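S.K.: I have a structure I would like to understand better, so I am pasting it below and will then ask my questions one at a time.
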Amino acid sequence: MKNTGCKTIFKARNLLLILLSLQISACSGQVKEKSIPDIKKNEVNTQPIILNQNSTFPQIHTNLNGMVREFVRTMYQDKKGNYWFGTNGDGIIRYDGQILEKITIAGINPRFRVLEIVEDTAGNLWFGTSVGLIKYNGKEFTTFSKKAGLPGEDEEIWGLTIDKNGLIWVGSIGGVSHFDGEKFIPFSLPDSKVENPRHMLSEKLVFKIIEDKNGTMWFATDGNGVFKYKNGKFIHLTSH
C-alpha cells in the first residue's frame, strides 16, 4: 500500500510539472509572437521622439564642415567634373570632390536663391537665381538682371535652358526671354488662359523650359498650363 501511495504522489507531481511547463511555454510563445505593429497599435510609446537636425552631408570627408544647407533647389555636374549646388537662400556652393567651397560674388548679398544651372558648349556656367542671370566663365562671375532688360518687377529667374542652337531661354516672373550674352529679348507666349487660373506668383511666370529631341520647346507656366512651340507655332495643351 505504501508503494502504491508513493507511486500515486510521484505521478501527480510529474503531471503538475508537465502542466506548469506547458503553461510557461505558452506564455513564452505569446511574447515571441507579439509583432511591432501590435505594440504600436495597442501600447503607448512613452519614449521621446528624436529628430535628427543634421541635414548636411554625412561627414565622410572631414573638410565638408556642413556647408551645404538643407534646402538645395538644384544641382549640376560640369564638364570638368565639379559639382554645383544651388541653395534656397545660401547662394552657390561648389564641390570638386575634395573641397567644398561657398561662392562669394562681389556686390551681391550671399543670401540668394539658385533655381537652375546649365552649361553652354563653351563651358560657361549659367545660374538662374533670385538676383538675375549669373554667368561664370571659369574665372569670374557676371550678373545680368533688370539693367540688361530682364522683364518684370522681380529679378528672380525660374526657368533656364540652352537649346541645340546655343540660344539661352530664360523664364522669369515677367515672362519668357532670349538672352544673347548681353541683354534679354522678350519672347511672348500666347494670351490663351485656362478657365479658372490660379497663379501662385505671376500670370506670366514660366518656371520650366525644355527642348525635346525634335527641337520643340516646352513651357510650364504658373497657372496657365503647358505650351509647346515649334517653327513659329504654339499649341496650348491645357483644357480651358
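S.K.: For region 93-140, what are the residues that are β-branched (V, I, T) and modelled with pLDDT under 95?
M.R.: The answer is I93, I99, I103, T104, I105, I108.
S.K.: Would you confirm whether or not region 215-223 contains a residue that is within 24 Å of the chain's Cα centre (by Cα) and over 19 Å from L160 (Cβ atoms)?
M.R.: yes
S.K.: Next up: Please work out if G175 is out of contact with any strand residue (DSSP E or B) (no Cβ under 9 Å at 6 or more places or on another chain) and surrounded by 14 or more Cβ atoms within 10 Å (Cβ to Cβ).
M.R.: no
This table checks each residue for (1) basic (K, R); (2) in contact with a Leu (Cβ under 9 Å, 6 or more places away or on another chain); (3) modelled with pLDDT of 95 or more; (4) farther than 20 Å from A122 by Cβ.
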position	(1), (2), (3), (4)
E156	no, yes, no, yes
I162	no, no, yes, no
L167	no, no, yes, no
I173	no, yes, no, yes
H178	no, yes, yes, no
G181	no, no, no, no
P190	no, no, no, yes
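Quick grid of which residues meet (1) closer than 19 Å to E155 by Cβ; (2) surrounded by fewer than 12 Cβ atoms within 10 Å (Cβ to Cβ); (3) modelled with pLDDT of 90 or more:
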site	(1), (2), (3)
H199	yes, no, no
I210	no, no, yes
K213	no, yes, yes
M217	no, no, yes
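The values are calculated or read from the model by the stated rules, or taken from the named source; none is laboratory data. These figures come from a predicted structure and were not determined experimentally. When we count neighbours, we look across all protein chains shown, and the Cβ atoms used for this are built from the backbone with ideal geometry, even at glycine.
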